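Peer 1: Here it is, the structure in full.
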Amino acid sequence: MERCAHRVSGCSKGGAGSTGLKVAGQQMEELLAGWRRAGTLIRRRMAELWERVEIYATFMKLSGELQVLQPERLSDTVNRTGNYMELRNAQAEPLSVSYPVISRSEPLATIAKSSIILICPADGASRPPNRMWREKVPLSAAINTQAFSMVADVYLEPRASLREHLDRYRGDFIPITNISALWVAALTAETHALQRPFALLNPRAILSFSVH
């Protein structure tokens, strides 16, 4: 009988130890799952960059924040989206002081890409050329749109023309640098000068161009 009692007592202790190990294992799994969720959230936040930009149309300028997923460039994000893109904390203002604006600020605005002429980083910083740009040839170009007349540098593949580039990459916004532009859409003598180190040009807004 004593032996049986000892056996029962030993079994009880072993069962309690097994239960404790199971609980500890479950707690460890929950802890690891929490760490994984936190790591995923941190990676997502690090992968998201809200870049402040200025968007120029014929008579309007919109300022706001555009979401750029890392390691994409601004041009990758703009060209990847469809016919519309969203701008956070968007503020609209006329290029001419004689044009009123009813709504000046929106938490989130949807922009029709077909109406855009230029997209410029609001910080005014130039974008350092990456390896792909270094493989291209910078050429000076005079470009006219319906609203702006400008000179800028375009980057083309060796022995390729700007017309061939536009035919090959239909609809893709073109990175340009060293922009000097003049707004000419006003019906009066009013003008608006624009100088930026970097911008994206909508090819559908081009009226004429000449490459030097």
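None of the figures in this text is laboratory data; all of them are computed from the coordinates on show. Keep in mind that this is a model prediction, so the values were computed, not measured. For neighbour counting, all protein chains shown are included, and Cβ atoms are generated from backbone atoms with ideal geometry for every residue, glycine included.
Peer 1: Quote the Stokes-Einstein diffusion coefficient, in whole µm² s⁻¹, for the range 49-211, based on the Kirkwood radius over alpha carbon pairs, a temperature of 20 °C and a viscosity of 1.002 mPa s.
Peer 2: On the way: Rh = 16.3 Å.
For these conditions, the coefficient is 131 µm²/s.
Peer 1: Relative contact order, percent, of the range 59-102 when contacts are C-alpha pairs under 8 Å separated by at least 6 residues?
Peer 2: Reported as a whole number, the value is 54 percent.
Peer 1: Continuing with this model, one more query. Given a Förster distance of 35 angstrom, what is the FRET efficiency for Glu93 paired with Arg168, based on the Cβ-Cβ distance and rounded to 0.05? Before the final figure, lay out the partial values.
Peer 2: Values: r = 36 Å, r/R0 = 1.02.
After rounding to 0.05, the efficiency reads 0.50.
Peer 1: Calculate the spin-label point distance for Ser105 paired with Met28, positioning each point 7 Å from the Cα along the beta-carbon direction, and give it in nanometres.
Peer 2: It is 5.3 nm.
Peer 1: Run the dipole for the range 49-211 about the Cα centre, Lys and Arg Cβ at +1, Asp and Glu Cβ at -1, nothing else charged, and hand back the magnitude in debye, nearest 20.
Peer 2: Magnitude of the dipole: close to 300 debye.
Peer 1: Take Asp153, project a point 7 Å from its Cα along the Cβ direction, then tell me which residues of the range 168-182 have their backbone nitrogen under 13 Å from it.
Peer 2: 176-180
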